[in-house]
Amino acid sequence: MDFIEKLTMKLRNAPIKTIVFPEGEVPCIVEAAVRLKKEGLVNPILLGNKELVESLLEKAGGSLIPVLD
């Protein structure tokens, strides 16, 4: 079992946590936040320019993630 699998198993067995990502304008961070949300592992919040982050979220398919400007 690799590191990511171990971490995923640990998160699945824990209460869902809210994680704030200060790099909300970085596409790979947005994609990771969307994936974590879809898998039910965390409740992400993204920080950054609201219009830019929401545009990235739309592309990544995660429009239900809160964005703080």
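The values are calculated or read from the model by the stated rules, or taken from the named source; none is laboratory data. Keep in mind that this is a model prediction, so the values were computed, not measured. In this analysis, Cβ positions are derived from the backbone assuming ideal geometry, glycine residues included, and neighbour counts consider all displayed protein chains. With ligands, DNA and RNA removed, areas are computed over all heavy atoms of the protein, side chains included. Shrake-Rupley method; radii C 1.70, N 1.55, O 1.52, S 1.80 Å.
Suppose the filter is modelled with pLDDT under 95, open to solvent by less than 30 Å² (accessible area, probe 1.4 Å) and not hydroxyl-bearing (Ser, Thr, Tyr); does residue 42 pass it? Full working, then the answer.
Details: modelled with pLDDT under 95: yes; open to solvent by less than 30 Å² (accessible area, probe 1.4 Å): yes; not hydroxyl-bearing (Ser, Thr, Tyr): yes.
Taking the combined requirement at face value, the residue satisfies it.
The set of residues in segment 25-69 being over 10 Å from the mean Cα position of the chain (by Cα) and among the aliphatic types (A, V, I, L, M) consists of 26, 47, 52, 53, 56, 60, 64, 67, 68. Within segment 47-59, none of the residues are of a type in the set (Val, Ile, Thr), open to solvent by less than 50 Å² (accessible area, probe 1.4 Å) and modelled with pLDDT under 95. Across segment 1-26, the qualifying residues are those that are exposed (fewer than 11 other Cβ atoms within 10 Å of the Cβ) and β-branched (Val, Ile, Thr), and the one among them that is nearest to residue 49 (Cα to Cα) is 18.
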